[in-house]
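> Below is one structure. I have some questions about it.
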Amino acid sequence: MTEKIKQLRQQAMALPLQPGVYIMKDERGTVIYIGKAKQLRNRVSQYFGSDTNHTEKVRRMVSCVDRFEYIVAGSEFEALVLECSLIKQYSPKYNILLKDDKGYRYIRVSPPPYSRITEVKQRADDGARYIGPYMSSFVLKQAVDEVNRLFQLSTCKKPLAYGKRLERPCLNHHIGQCCAPCSGRVKEADYAERVEQAVTYLTQGSAKLAVLLEKRMNEAAEALDFETAARLRDRIRALQKLGEKQKVVHSRVPRQDVIALAQAGDTACFEVFRFTAGALCDREEFLTEAVDDAPVARAEFLRRYYSLRESVPPRVALDGPVEDGELLEAWLSERAAAAGERYRVKLVFPQRGEQAQLLAMCRDNAAERVARQLEIGGRDVKALEELQQLLGLADTPHRIESYDISHQSGTDVVGAMVVFCDGRPSRRDYRRFAIRTVQGQDDTACLREVLDRRLREYAEQKDSGEGFGVLPDLILLDGGKPQLEAVKPLVDSFGYDIPVFGLVKDGHHRTRAITAAGGEIAIQGRRAAFTLASSIQEEVHRFAIGYHRQKRRRVIGSTLTGIPGVGEKRAALLLRYFGSVTAVRNADVEQLAAVKGMTRPAAEAIVSFFAEQQEE
């Protein structure tokens, strides 16, 4: 502990045991972190004590702290409100920061004739009509695509005029997505009617437009203008089909936000689905650094996210627990009241049914975004998420280490460690162990030796941050309850909070279940997690057996290399030709001399050597 940290700890121990907000600053006076506390002394002093249980992010932050300030609040709720306000004001680098820089976007309707509807980032003084502004580019693009397809408006840059065949219609016309004004067969007035209907759809909604179209259809039918009535009928049917298509992603809850977290490696993503009138109307995603405590991270995200939003829905569905849930509900309800909404906001954690499916879809999208960021497979991220939920882990495991023992009837015993990072094998981190202290066939004692040596190596190499200098997020043993009971107490004795589980095989040597302290956890129902666990168990088994065979070949080969005239090359030739040392022992001089690379004196030396051994 440095002298500076000792001073900061002394100052922290003098803080009051009251709720409040603490403000960490660096040597330049820049605010780098803001947090709230139920009891200031207890919370702030934790930063400047032992860093054993601190995450890497917290260690970095503490190393930058030069001084801190604090503000006492009347209650924990007041501290939460003050924390949100200060974070919005200072944007400290070590808080979760969400950039609200999307800007406003508009729908542009170009001047007639033959107007085109497009999305633009800003307005211009060009005589066009602008609809907006819109905050969400997702909503905007979806709306523009819908109206152009629904009303068969031109989206290309071809010249348009009536009475002249200027261009041959493109594929959009043949698949019913464009009326082909470029062909010269669409009157200006008819096209203008389509554009006006599209604008009505954008500004007043599909329900209002359907009423207007139905009224005009009836009027056309009464006037015996059946061609116009049929065209309007088709337009109404198209609107109805569009509405049915939009219900593919819907919610029985009329208005809510669905929020899920996914992470892998050093990257995390919060995905937000926003539902209005039961339909998905917007989605947003926010990349951050990997989080170490998911409930705390969710709480911080909610505070930051809704500090940047003018409206709060009456319901927020989350994919896991959140810290200070009741306080957050009170704060969100106050935010909603400030916007003129009279309801109490509820935080819910659906476990089954439609809402759980929406959360799963939201989490899958977050996982895909993380996968794109890290350039890894979305399946790997999903498998790690499933494994986290299955084992009840606090965070998604980034580094998984698996261990196995291999021997032949208690001889040539070896241990093996394989490492999977973000769901993929990290072969440069694989390690092999020659068992030193255990004699005979005792797999559990061998595993204890391997884990003991591995964790001792971490204590010596942790400053390197590579190889043994990195602790795993999860340990998987090739074995069941005996192996788990032998290794888990050892890991705990080092003071490391590392989850340890066993991988159990069935009679066909395939992964069947995961052994936990309370019993076995079936994994066949979680396909992605099952595939990952099976791959890890097969890989560690392969690596252990490979090392055992290699060591055994060296031991066997050393028997032959002890014979005069037989070196490593000739020993390898003989083993490859005869298949075993026993076969070499039973061969005569003629058979040995017939092997390519052998000489008759060397063959005679081999026969004499084994003859002397037999006599002894």
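> Go over the candidates Asp404, Asp395, Asp380 one by one and state the one that is under 30 Å from Gln483 (Cβ atoms) and in contact with a His (Cβ under 6 Å, 6 or more places away or on another chain).
Asp404
> When only residues in region 52-92 that are surrounded by fewer than 16 Cβ atoms within 10 Å (Cβ to Cβ) and among the acidic types (Asp, Glu) count, which is farthest from Val31 (Cα to Cα)?
Residue satisfying both the conditions and the ranking: Glu56.
Conditions (1) more than 23 Å from Ala262 (Cα to Cα); (2) modelled with pLDDT under 90; (3) exposed (fewer than 14 other Cβ atoms within 10 Å of the Cβ), marked per residue:
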| site | (1), (2), (3) |
| --- | --- |
| Glu310 | yes, yes, yes |
| Ala338 | yes, yes, yes |
| Tyr343 | yes, no, yes |
| Gln357 | no, yes, yes |
| Met361 | no, yes, no |
| Ala366 | no, yes, no |
| Arg369 | no, yes, no |
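> Say we look at region 5-44 and pick out the residues that are more than 37 Å from the chain's Cα centre (by Cα) and assigned to a helix (DSSP H, G or I); which of these is surrounded by the most Cβ atoms within 10 Å (Cβ to Cβ)?
Taking the candidates together, the pick is Gln11.
> Still on this structure, I have one more. Exactly one of (1) under 16 Å from Asp257 (Cβ atoms); (2) over 18 Å from the mean Cα position of the chain (by Cα) is unmet by Gln351. Its number?
Just one mismatch for Gln351, condition (1).
> Then there's this: Evaluate the following for Thr437: is it of a type in the set (S, T, N, Q), touching a residue at least 12 places away in the same chain (Cβ under 8 Å) and not in a helix (DSSP H, G or I)?
So Thr437 fits the description; yes.
> Would you point out the residue of region 174-191, among those that are within 48 Å of the chain's Cα centre (by Cα) and modelled with pLDDT of 80 or more, that is farthest from Thr276 (Cα to Cα)?
Within region 174-191, the match that is farthest from Thr276 (Cα to Cα) is Cys182.
> Any residue in region 516-535 that's in contact (Cβ under 8 Å) with a residue 60 or more places away in the chain and closer than 16 Å to Leu474 by Cβ: show its pairings with residues that are among the aliphatic types (A, V, I, L, M) and part of a loop (DSSP other than H, G, I, E, B) at Cβ separation under 7 Å, as long as the two are six or more apart or on different chains.
Partner pairs satisfying both residue conditions: Ala529/Ile523; Ala533/Ile523.
> Among Val253, Val272, Val258, which is part of a loop (DSSP other than H, G, I, E, B), at pLDDT 85 or above and surrounded by 16 or more Cβ atoms within 10 Å (Cβ to Cβ)?
Matching residue, one of Val253, Val272, Val258: Val253.
> Same structure, new question: Determine whether Pro489 is assigned by TED's automatic domain parsing to the domain that holds Thr531 and touching a residue at least 24 places away in the same chain (Cβ under 8 Å).
no
> What are the pairs, 6+ residues apart or on separate chains, where a residue within region 175-193 that is without any contact (Cβ under 8 Å) to a residue 24 or more places away in the chain has its Cβ under 6 Å from a residue that is among the small types (Gly, Ala, Ser)?
Short answer, once both residue conditions are applied: Gly184/Gly163.
The values are calculated or read from the model by the stated rules, or taken from the named source; none is laboratory data. Just so it is clear, the model here is predicted, and its values are computed rather than measured. Glycine also receives a Cβ, built like all others from the backbone with ideal geometry; neighbour counts cover every protein chain displayed.
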